[in-house]
Each structure stands twice: as C-alpha cells, then as structure tokens.
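Colleague: Pasting in a structure now, in structure tokens, and then I'll have a few things to ask.
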Amino acid sequence: YNSGAIQSPFKSNPKPQNAITIAVSSRVLFNMDKEQQIYEQKGMEDYLKYQIEHEMEPFAPGPAFPFVKALEAVNTRLRELYPESEELFDVVLMTNSHAHAGLRLINTINHHQLFIERFCMTGGNSPIGYLKAYHTNLYLSADPMKVREALEEGIAAATMFNPPEKRTEVSETQLRVAFDGDAVLFSDESERIFKAHGLDKFFEHEKTHENTLLDHGPLKGFLESLGKLQKKFYAKDQRLDCPIRTYLVTARSAASSGTRALKTLRSWGLETDEALFLAGAPKGPMLEKIRPHIFFDDQMFHVEGASQLGTVAAHVPYGVAQKLLQQKDNKTALCI
C-alpha cells in the first residue's frame, strides 16, 4: 500500500470490449533511441543488460507522451460526469522487450505519473494477436512493419517518429486529433484516380461521384470512437467545453471535391469539429495553428512538412501512395 499514490483517472480498468483501447509501443511513448541503438548494434543480450543496469533511470517522454497525457485528461472529465461508465480510454503499453527488462518501464511510468496498468511484453514476438485480444482501437508504433501488419488485419495503426526538435506546445486539458481524408478516414479510391490520371481527372471524377459515398479508410473507426465520447459530453450540455476536438485537414479543395468528403462523414453519422480544405497548400502552417496532439496522414511528404513546423505527425502506410513508394524502393534496390 502506498499512501502517497495518485488517484488514477482510469480507476479500475474498464473491460476491453467497453473501453477505447489505445496500444502504444514503448518506443513512441518514451525516448528509447540509445537503447534501440544498443539493440541494433550489439544484440539482445547487451540490450537487456543495459536496461537492467539502468532500471532506476526513467526514460524521457517520446512523441506519443503528450497524446497519452491528453487521453488521461479526458478520462478524468468522463469519470466526473459518468462515475460508473466503462466507456473510457484504456492505454496498453506494447513492448518487444523480455519481461525482466520491464522494471525500467514500470519505474518510468510511475516517475511520469502515467496511469497505465496493462502491459504486453512480447519478447520479440509479433504483437498482432494481442492487439486483437485487446479489441484495439488504435495502435501507435515506431516500427513501420508492425504498423503495416496491423493495418492488414483491420486494426487502425500509424507509425510515429522522433518528436520535432521544436515541438509545438499542446493543450493539457483538451485532446486534439487531426486527420487527413483520403487513405486515412476514407478509402484511397480518389487518390488512385489522382495518381493515375492527374488533378483534372480527379476533379472530374469527384464532381461526377459527389453523391456516391466514399468507402471507409483505416482510421474511420477511431474517429467514430472519439465521436462516441464527444456525444457523452454533449449529453451533459458540455459541447462548448468538450475536452475532445477533431479536425479534417485535407489537400482537397472545398468547391470541387469537398462535397463528397462531407457527405460521406454525414452518412456515417460522424462529424469533425473543424474541416480545413487546403486545395493543395502545405498542411504544416495550419497544423501549427491547430496544435493537435497527433496528426494522421498517409503521405510522408505531409508528415515531414507538419513535423518541421513542430506538429507530432503519424504516418498511415495505407493505399496507393504506399504501393508507388514500394515500387520506387524496389527499383532502387534492384539498381544497388
């Protein structure tokens, strides 16, 4: 018993089927660059030895840290309004580590006063089976291969990178999540037209199909989960003071291709609090104003642009843009 223990906003952990489960890898929650380097250069045994020798030294926060803190802030508010409800965020820490290297992670979590009770130490095995067992709504990892594997299994997932050097300050009381449209919330159908036939054909296609709904993309379910929690605040007349805010930030232009996107969201019973149609303009400057905890995009160009201006951006390796990238990489590999 620890009389100085902090009251957890998660209280007792909700059952996985009731919770909104966010699985984060230890390498995105904390900065483990040095340890990763040891693992890659010297192997598992040296890595484990180093972890055990340094287990009283907490890791510094990683790119997903402010996002997880914001999830906890939302849970605190939900507990106040709905003391018995299990519709809460439940964070699961996923790590490749062997169990006996886990003490340092536990010490770090306590040091940073995070409320994470569920751990999954897979000892080098794939986490996909565990993600399914936890009914995972979102998986964040530094390993693009694991993210691709999760997406192939129908689990919303994204790759995170080292936080920007000059990270934009984010709200501690309101969770802000920004989404790209095509190949993130929606399928990559329209993007395929653009990649194959250019901008004019894309506009023509969208105009012709403006009343045809887009199919869902890999992160639609996560937006749905956020919307479900937002409605709980609205039901208590807290729309204007809601601790969750969502944004659609798309390269589409409003007049020529925005209608279809908005009609699709409406047909799903979903909305974003703000929709920004940038008509091809860079996303970074807008995101700098929004200050989201995380921004999801399927194109590394936009992820890097956002990151350069201080936004934590995550890559969703889904759809035609990835296939073109892989073809390019394969051609390069054949030349080497």
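Colleague: Condition test on Arg176, is it in contact with a Lys or Arg (Cβ under 7 Å, 6 or more places away or on another chain) and of a type in the set (Lys, Arg)? First the steps, then the outcome.
Modeller: On the way: in contact with a Lys or Arg (Cβ under 7 Å, 6 or more places away or on another chain): yes; of a type in the set (Lys, Arg): yes.
Taking the combined requirement at face value, the residue satisfies it.
Colleague: Out of the range 265-288, which residues are out of contact with any Ser or Thr (no Cβ under 6 Å at 6 or more places or on another chain) and open to solvent by less than 50 Å² (accessible area, probe 1.4 Å)?
Modeller: Leu265, Gly269, Leu270, Ala275, Leu276, Leu278, Ala281, Lys283, Gly284
Colleague: Still on this model: Take the range 162-185 and flag every residue that is under 22 Å from Ala279 (Cα atoms) and either surrounded by fewer than 24 Cβ atoms within 10 Å (Cβ to Cβ) or β-branched (Val, Ile, Thr) (or both).
Modeller: To start, the set of residues in the range 162-185 that are under 22 Å from Ala279 (Cα atoms) comprises 177-185.
Val177, Val184 - these are the residues of the range 162-185 that are under 22 Å from Ala279 (Cα atoms) and either surrounded by fewer than 24 Cβ atoms within 10 Å (Cβ to Cβ) or β-branched (Val, Ile, Thr) (or both).
Colleague: Check Leu248 against each of (1) assigned by the TED database to the domain that holds Phe277; (2) in contact (Cβ under 8 Å) with a residue 60 or more places away in the chain; (3) closer than 30 Å to Tyr82 by Cα; (4) open to solvent by 40 Å² or more (accessible area, probe 1.4 Å) and name the one condition it does not meet.
Modeller: If we test Leu248 against (1) assigned by the TED database to the domain that holds Phe277; (2) in contact (Cβ under 8 Å) with a residue 60 or more places away in the chain; (3) closer than 30 Å to Tyr82 by Cα; (4) open to solvent by 40 Å² or more (accessible area, probe 1.4 Å), just (4) comes out false.
Colleague: Continuing with this model, one more query. I'm checking my understanding of the structure. Among residues of the range 36-91 that are within 30 Å of Ser171 (Cβ to Cβ) and among the acidic types (Asp, Glu), which one is most open to solvent (accessible area, probe 1.4 Å)?
Modeller: Result: Glu84.
Colleague: If you scan the range 209-237, which residues turn out to be assigned to a loop (DSSP other than H, G, I, E, B) and in contact (Cβ under 8 Å) with a residue 12 or more places away in the chain?
Modeller: Residues satisfying the conditions are His209, Glu210, Asn211, Thr212, Leu213, Leu214, Asp215, Gly217, Pro218, Leu219, Lys236.
Colleague: Taking the residues in the range 289-303 that are open to solvent by 70 Å² or more (accessible area, probe 1.4 Å) and at pLDDT 95 or above as candidates, determine which candidate is farthest from Asp143 (Cα to Cα).
Modeller: Lys289
Colleague: Determine, yes or no, whether Asp33 is buried (at least 23 other Cβ atoms within 10 Å of the Cβ) and in contact (Cβ under 8 Å) with a residue 60 or more places away in the chain. Please lay out each step first, then the result.
Modeller: Numbers: buried (at least 23 other Cβ atoms within 10 Å of the Cβ): no; in contact (Cβ under 8 Å) with a residue 60 or more places away in the chain: yes.
In short, no.
Colleague: Would you be able to say whether some residue in the range 26-42 is over 25 Å from Pro164 (Cα atoms), over 14 Å from the mean Cα position of the chain (by Cα), of a type in the set (A, V, I, L, M) and not in a strand (DSSP E or B)?
Modeller: No: the range 26-42 contains no residue that is over 25 Å from Pro164 (Cα atoms), over 14 Å from the mean Cα position of the chain (by Cα), of a type in the set (A, V, I, L, M) and not in a strand (DSSP E or B).
Colleague: Test of understanding: among Glu153, Glu84, Glu117, which residue is over 22 Å from Leu248 (Cα atoms), out of contact with any Cys (no Cβ under 6 Å at 6 or more places or on another chain), outside the structural domain of Glu210 (by the TED database) and without any contact (Cβ under 8 Å) to a residue 12 or more places away in the chain?
Modeller: Glu84
Colleague: Let me ask something else. Residues being in contact with a His (Cβ under 8 Å, 6 or more places away or on another chain) and modelled with pLDDT of 85 or more: count how many of those fall in the range 172-200.
Modeller: Total meeting the criteria: 7.
Colleague: If you don't mind, another one. Is there a residue being open to solvent by 30 Å² or more (accessible area, probe 1.4 Å) and over 30 Å from Glu72 (Cβ atoms) anywhere in the range 224-232?
Modeller: No, the conditions are met nowhere in the range 224-232.
Colleague: Quickly run through the range 292-317 and pick out the residues that are closer than 19 Å to Glu274 by Cα and assigned to a helix (DSSP H, G or I).
Modeller: His302, Ala306
The values are calculated or read from the model by the stated rules, or taken from the named source; none is laboratory data. Note that the coordinates shown come from a computational prediction; the quantities given were computed from them, not determined experimentally. Glycine gets a Cβ as well: all are built from the backbone with ideal geometry, and neighbour counts include every protein chain shown. We work out accessible area using only protein heavy atoms, side chains counted, and drop any ligands, DNA or RNA first. Shrake-Rupley method; radii C 1.70, N 1.55, O 1.52, S 1.80 Å.
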